[in-house]
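Trainee: The structure's right below; bear with me while I get my questions together.
The values are calculated or read from the model by the stated rules, or taken from the named source; none is laboratory data. As the structure is a computational prediction, the values presented were derived from the model and not from experiment. We place every Cβ from the backbone using ideal geometry, glycine too, and count neighbours over all the protein chains shown.
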Amino acid sequence: MSEIAFLVISALTIIFAIMVVKSDKLVHSAIYLAGVFIGTAGLFLLLKAEFVAWVQVLVYVGAVITLILFTIMLTRKGEEE
Amino acid sequence: MLYSGMWTGDTMTNAYELIINILTAIGVYDTIFGVFKSYGMEFVLKLIIVLVTLAVLFGFVLVTVMFLTWMERKVAAMVQSRYGPMVTGPRGLLQPVMDGIKLIGKEDIVPAKADRFVFNLAPYLAFVPAILVFVPLPFGESLIISDLRVGLLYIIAISALSPISILLAGWASNNKYTLLAAMRAVAQDISYTLPLALTAIAVVMLTGSLSTVDIVNAQSGTWFGIIPKWFIFLQPLAFILFLIASIAEMGRIPFDFQESESELIAGFFTEYSGMKFAMYFLAEYAHLFAVSGILVTIFLGGWNGPVLPGIPVVITSLVYFILKTYAVVFFAMWLRDTVPRIRIDQLLNIGWKIMIPLALLNLIVTGFLITAGVMR
C-alpha cells in the first residue's frame, strides 16, 4: 500500500515538475510548482516526517509560491504587447 | 496495514476508532470485517470507514455553513432592529436552501479575457483548504477526524494556502478591481498570519505539544474549584491578539479589504458567478467556523466543561464545543454589524507595528515565566 502511494505521489510530482518547465504562462508554472511542493510534502508524510511535511507546506507552498505569484502579477505581462 | 495510528498521537480515540467501537458495540463489526477478510480486502473496509468520517465532516460543514449564512442575516437584523429572512421556512431557516438553489441555477460566466484554467481552478483552491482545516479540530471527546501530532502546525500551514487562491482569482479575472482586492487581501493575510502563529506558539510553549487534543486536555480542571483552567486566563494578551488576527484572517469587518464593497465592487471574486461564487461563499463561512473552533480549542478550553451525570461525555463535550464556537461566531458577527471598516494603512500599521511586537513580547514573557516556574 505504502509503495503504491509512493509511486503515485512521485509520478505526480515528476509530472508537475515537467509541467513547470513546459507551460507557456508563468502563473501556470507557479501553480504547477505548488503541486510539486505539495507532492514533496506527501513524500515526507510517507517517510513519517509530519513536522517536515507541514513545514514544507507552510514555507514553500504558503510563502514561496505566494511570493512568486505576487512578483509575477506585479510585473508587466509580456505577451500582450 | 493502512496507516492507522501512524500520524496520530495516542492520547485519544479518533472518529475512525469511534465508528469501529460503535459497530463493535452493536455487534456487527466482526461480521463485516469477516466478509471483507474473506476476499482479502481489509484495507477496503478501512478506506470505507475513513470515507464515511470524511463524508460526515463534509455534511457537517455544509449544514453549518447554511446555518451560518442564516445566522449572519438574523444577527444583522437583530442589531438593526428588523426581522431579517422570515418567509421561507420557520423564521426563515430554509432561506439558505433557496439561496443555494438560486446559485446552482445561475449561468456560469467566464470573462472573455480571463485565464480559463486559473479562473476555474481558484475556487477549488479556496474551498479545499477550508474543509481540510477541520481535520485536527477536536469537536468533542474522541470526535476528531485525526489527532495529528503536529495539529496546530497543520492548521497554520493549511491556512497559509488561502492567499494563493485569492491571488489567482484576482489575477485570472483580468479585472483591475479584482487584482487590487487580491493584492490587499494577500498583504493583509500575510501580515496577520505572523501574530496568529506567534500567539499560538505561546500556548504550545505552555502545553509542550502541537497536538490539538493535548492542548484541550491541558485545559481540563479548575483553579480553586471555580475558575476553569483555560488558556485565556493564562494568556489574556495572546487571546486578544489571536482574536483580532483571526478576524483579520477571515477578512471580516473591520478588516474586510478582500471585498470592501464601496471601493472594489465585491473584491477578488467580483467576476465569479453561480457555483464558483457559492464555493467562495462556502469557503468563507467554513473558514469562519473553523477559525472560531481553533480559537475555542486553543484559548477557551475546547470541549471541556462541567461533566453532567448520566449523559455520555461524547455528547456533552460536543455540545460544549458547539456552544463555545457559536459564541465566538456570534462575536464576529456582532462586531461586523457594530464597527466601521478601518483604512488599509491603519490595518498594516496595526499589524506590523502593534500586534507583532506585542505577540513577541507575550512570547518572551511567557518563556520567562515558564523558565522561572511561575506558569504550570
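Trainee: Under 6 Å by Cβ, and 6 or more places apart or on different chains, what pairs join a residue from the stretch A:1-15 that is over 26 Å from B:Glu42 (Cβ atoms) with one that is of a type in the set (Val, Ile, Thr)?
Mentor: What qualifies is A:Thr13/A:Val36.
Trainee: Take the residues of the stretch B:220-241 that are in a loop (DSSP other than H, G, I, E, B) and modelled with pLDDT of 85 or more: which is surrounded by the most Cβ atoms within 10 Å (Cβ to Cβ)?
Mentor: Looking at the filtered set, the residue picked out is B:Gln235.
Trainee: Show me the helices (runs of 4 or more DSSP H) entirely contained within the stretch B:105-209 in which 2 or more residues are buried (at least 24 other Cβ atoms within 10 Å of the Cβ) and more than 13 Å from chain A (Cβ to nearest Cβ).
Mentor: B:116-132, B:176-207
Trainee: Quick one: A:Ala63 ticks every box in (1) closer than 14 Å to B:Leu168 by Cβ; (2) within 10 Å of another protein chain (Cβ to nearest Cβ); (3) of a type in the set (Gly, Ala, Ser) except a single one, so which number is it?
Mentor: Of (1) closer than 14 Å to B:Leu168 by Cβ; (2) within 10 Å of another protein chain (Cβ to nearest Cβ); (3) of a type in the set (Gly, Ala, Ser), only one is false for A:Ala63: (1).
Trainee: While we're on this one: What do you reckon, is B:Val97 out of contact with any Cys (no Cβ under 6 Å at 6 or more places or on another chain), surrounded by fewer than 14 Cβ atoms within 10 Å (Cβ to Cβ) and without any contact (Cβ under 8 Å) to a residue 60 or more places away in the chain?
Mentor: Taking the combined requirement at face value, the residue satisfies it.
Trainee: For the stretch B:84-95, which residues satisfy the criterion of being in contact with a Lys or Arg (Cβ under 9 Å, 6 or more places away or on another chain) and not basic (Lys, Arg)?
Mentor: Result: B:Gly84, B:Pro85, B:Gly92, B:Gln95.
Trainee: Oh, and also: Scan (1) assigned to a helix (DSSP H, G or I); (2) buried (at least 24 other Cβ atoms within 10 Å of the Cβ) for the single condition B:Phe257 breaks and write down its number.
Mentor: With (1) assigned to a helix (DSSP H, G or I); (2) buried (at least 24 other Cβ atoms within 10 Å of the Cβ) applied to B:Phe257, the lone miss is (1).
Trainee: Which residue out of B:Ile226, B:Ile215 is free of Cβ contacts under 8 Å to residues at least 24 places away in the same chain and more than 10 Å from every other protein chain (Cβ to nearest Cβ)?
Mentor: That would be B:Ile226, the only listed residue that is free of Cβ contacts under 8 Å to residues at least 24 places away in the same chain and more than 10 Å from every other protein chain (Cβ to nearest Cβ).
Trainee: Go through (1) surrounded by 17 or more Cβ atoms within 10 Å (Cβ to Cβ); (2) under 21 Å from the mean Cα position of the chain (by Cα) for B:Val319 and report which single condition fails.
Mentor: Result: B:Val319 fails condition (1) only.
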